[in-house]
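Participant: I am attaching a structure below and will ask some questions about it afterwards.
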Amino acid sequence: MTTDSSRTSPPAADGISTFKGQERALRADRLGTGGLLLSVLAATAPLMVVAGVMPTTFAVMGIVGQPLLFVVLGVVLILFSVGYAEMSRHVHNAGAFYAYISRGLGGTAGASAALVALVAYNALQVGIYGIFGFEVSGLFATYADVEIAWWIPALVAALAVGLLGWLKIDVNARVLGVLLVIEVLLVVIFDVAALTDPGKEGLSLHAFNPDTLTGAGVGTALCFCIAAFLGFEQAPVYAEETSRPHVLVPRVMFFAVGGVAVFFALSSWALTVATGPSAIVGTSQKQSAGLLFFLTESRLGGTFTDVLHVLFVTGMFAALLSFHNVVARYAFAMGREGLLPAAFGRTSGSSGAPGTGSLLQTVVAVVVVAAFAVGDDKPAGDPTAPVLHLFTWFGNIGALGVIVLMAAASLSVVVFFVRRGAAGAQAWRLVTSALAGIALLVIAGYTVKDFEVLVGAGPGSSLSWVLPGIIGLAALAGVVLGLVLRARAPEKHARIGLGNEAFQLDKAASS
């Protein structure tokens, strides 16, 4: 990403001042602390992490100390959040990441970040449809003795999510909240059951021993585990829709990061206690994504396990809703600032939601799922491959994009406050941001280096560079877009990252 210093207030005479009413602004005062926290935490999909990410990390990486990794990553992300949250007090924009990067590193870097964010969050959301469809088809086969193709429930979910995207955010928050609370409660019940009925090695704390983090798999395990946190960084996306963004956004971010770190560290530790630290890797390799259900069956019975299977699906649906809302708001912010067609920068009249952005995300999801469904119809090969590829390929593309954005945002925080002459007053925040940025760059490096492991490709596979190359291509396309705007439409370039602030300036100028 490139930097520039042409961050002056934009002129009002570019046509935006003619837009009607609040079409260029998201509806304010729609979210309080609870609604914002639930919307953000839903994206973490706790049951999907405990049932899917954790067993995969134990099995593939052979790292017993996964609970300690969650603690380490929690510290890194708390350091990141210090500066990121402070930026949220100065910048209120549904484009969050790219808005922050624009304010610190310039409009061209912001354009690059905008396209990376749009691609990354779309990838994260679309990837979940693969595992969602696979699990729902499995439930139908098990409990209704009905065989349905995975892509049918995936497409139905895409349409349902798209419909909810047109509704008010408080409706979505209630849906997300109910699903999330039940999901967390069930995982906590398992945690308590595992700790009160441990394996042969008892309540061993071996998983928190630093010696368990030795070996070549640690770097790749960090990539797996950091994906479990994704969602907390979405809080500033909703800043324009909260009553007190300068208070609520930082509060929610720290609650989310701290809560997720503790919850996942304890839950992954409970898995090691249930099997015994010496057996967790072997058991995970044998049970794969069935590890959690295998352990609950013996401790909590078949009925609890059945409910857990259903909540696994509803938790993924909650994550789909949350990521959908974020993508729609990024598209809205980009449309408002000239990075996408102006139609994306208008809210729907009935609910005030970013309807065109919601439609865009739904179309992308339907097209991608349909493409993988066509691949599933091929007679040769593993019939589950399109499902697994959709989940792993797109999920890791999205995770890499968000890691890169967080690293760039950390640098932007430092530059932003230095340019404002606030380096002394913000010194400790600049230090934490710099440390977090370095750590995130290291994790991004490991992610690219070991991408073939992350997506299950063989050594030398072209996927190891094609898939991460999608993020690189998005970044490059954004740089080109930014440079073109700077040369041909400097008034639009000057708006990048200003969001509703530019809209208010236009209103004032036209009044």
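Participant: Using the Karplus equation 6.51 cos²θ - 1.76 cosθ + 1.60 (θ = phi - 60°), what ³J(HN,Hα) coupling, rounded to whole Hz, does each residue of region 64-73 give in order, writing x for Gly and Pro?
Facilitator: So the Karplus estimates, Gly and Pro as x, are 6, x, 4, x, 5, 4, 5, 5, 4, 5 Hz.
Participant: Just grab the label-to-label distance for I148 and A423, each label 7 Å out from Cα along the Cβ direction, in nm (one decimal).
Facilitator: So the label points at I148 and A423 sit 6.0 nm apart.
Participant: Taking one equal scatterer on every alpha-carbon of region 69-133, how large is log10 of I(q)/I(0) by Debye at q = 0.29 1/Å?
Facilitator: So the normalised log intensities are -1.06.
Participant: Something else now. Can you compute the FRET efficiency between L473 and L159 using 1/(1 + (r/R0)^6), with r the Cβ-Cβ distance and R0 = 25 Å? Round to the nearest 0.05. Spell out each step's value before the answer.
Facilitator: Details: r = 29 Å, r/R0 = 1.16.
Efficiency for this residue pair is about 0.30.
Participant: Taking R0 as 41 Å, what FRET efficiency do you get between N209 and V374 from their Cβ-Cβ distance, rounded to the nearest 0.05? Mind showing how you got there, number by number?
Facilitator: Numbers: r = 48 Å, r/R0 = 1.18.
The value I calculate is 0.25.
Participant: Which order do the peptides 198-207, 77-86, 338-347, 43-52 take when ranked by the mean count of other beta-carbon atoms within 10 Å per residue, highest first? Before the final figure, lay out the partial values.
Facilitator: Numbers: 198-207: 14.7, 77-86: 23.7, 338-347: 19.6, 43-52: 25.9.
Final packing ranking: 43-52, 77-86, 338-347, 198-207.
Participant: When Lys and Arg each count +1 and Asp and Glu each count -1, what net charge do the other residues less than 14 Å away from V414, Cβ to Cβ, add up to? Could you put the intermediate results ahead of the total?
Facilitator: Numbers: positive: R103, R419, R420, R429; negative: E86.
Summing Lys and Arg as +1 and Asp and Glu as -1 gives +3.
Participant: Along the three principal axes, how long is region 387-440 when you take its alpha carbons, biggest first, rounded to the nearest angstrom?
Facilitator: Its Cα atoms span 51, 17, 11 Å along the three principal axes.
Participant: If you take the beta carbon distance between V71 and A343 as r and set R0 to 56 Å, what does 1/(1 + (r/R0)^6) give as a FRET efficiency, to the nearest 0.05? Write out the running numbers ahead of the final one.
Facilitator: Details: r = 45 Å, r/R0 = 0.81.
Given R0 = 56 Å and the Cβ-Cβ separation, E is 0.80.
No lab work stands behind these numbers, since they all come straight from the coordinates. All of these numbers come straight from a predicted model, not from anything done at the bench. In this analysis, Cβ positions are derived from the backbone assuming ideal geometry, glycine residues included, and neighbour counts consider all displayed protein chains.
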